[in-house]
């Protein structure tokens, strides 16, 4: 089965190129991706940015999907199999199958250079991922939120924007917004 490449189709790849290119080939980088889906962003990061053998990416996903309309027709065992086949050759990748909360509650403080938040799309879920990721992001590190403007029309509490805005409001003087569009990108000051 073919799965959509939301990484390429929503412009996310363009933002990755624009904001992460300065990291290309640097040693000892730590990147975290919350929500990995079929691994399109994973492969791009490993092939284009985390090219030094000492740099590392961790992907966290349940591979169970959610109650979003786009997920209703998907078999997430197949989604995970596609992810596994795309990523099996990368030595500098850790796959964690579980919830973001399970990973983030044990994550070290100020450890990650980049955190990509694209897991639970509810306002509460995004806010929790953002707050816990913030603690694990280094000063000067980047946090990026996917689907800032995404909506299925089921209410703001079921959309990322409300949670992201709450996070931004709580950390107004601790973040610099570097991109505001379909995605939201910030630097931790």
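Fewest-first ordering of 50, 128, 109 by other beta carbons within 10 Å of each residue's beta carbon gives 109, 128, 50. According to the square roots a ≥ b ≥ c of the eigenvalues of the Cα gyration tensor, what is the shape class of the range 9-61, taking rounded for a/c under 1.5, prolate for a/b larger than b/c otherwise, and oblate for the remainder? Since a/c reaches 1.5 but b/c is at least a/b, the shape of the range 9-61 is classed as oblate.
The GNM of the chain, with springs linking C-alpha atoms under 10 angstrom apart, assigns the highest mean-square fluctuation among 178, 117, 142 to 178.
Once both labels are positioned 7 Å from their Cα atoms along Cα-to-Cβ, the gap between residue 166 and residue 110 label points is 2.7 nm.
For the range 1-118, what does the alpha-carbon gyration tensor say about shape, rounded, prolate or oblate, given a ≥ b ≥ c as the root eigenvalues, a/c under 1.5 as rounded, and a/b over b/c as prolate? Since a/c reaches 1.5 and a/b is larger than b/c, the shape of the range 1-118 is classed as prolate.
Extension gain for the segment residue 177 to residue 89, taken as residue separation times 0.36 nm less the Cα-Cα distance, is 28.2 nm to one decimal.
No lab work stands behind these numbers, since they all come straight from the coordinates. Treat the numbers as computed from the prediction; the structure is a model and nothing was measured. Cβ atoms come from the backbone with ideal geometry, glycine included; neighbour counts cover every protein chain shown.
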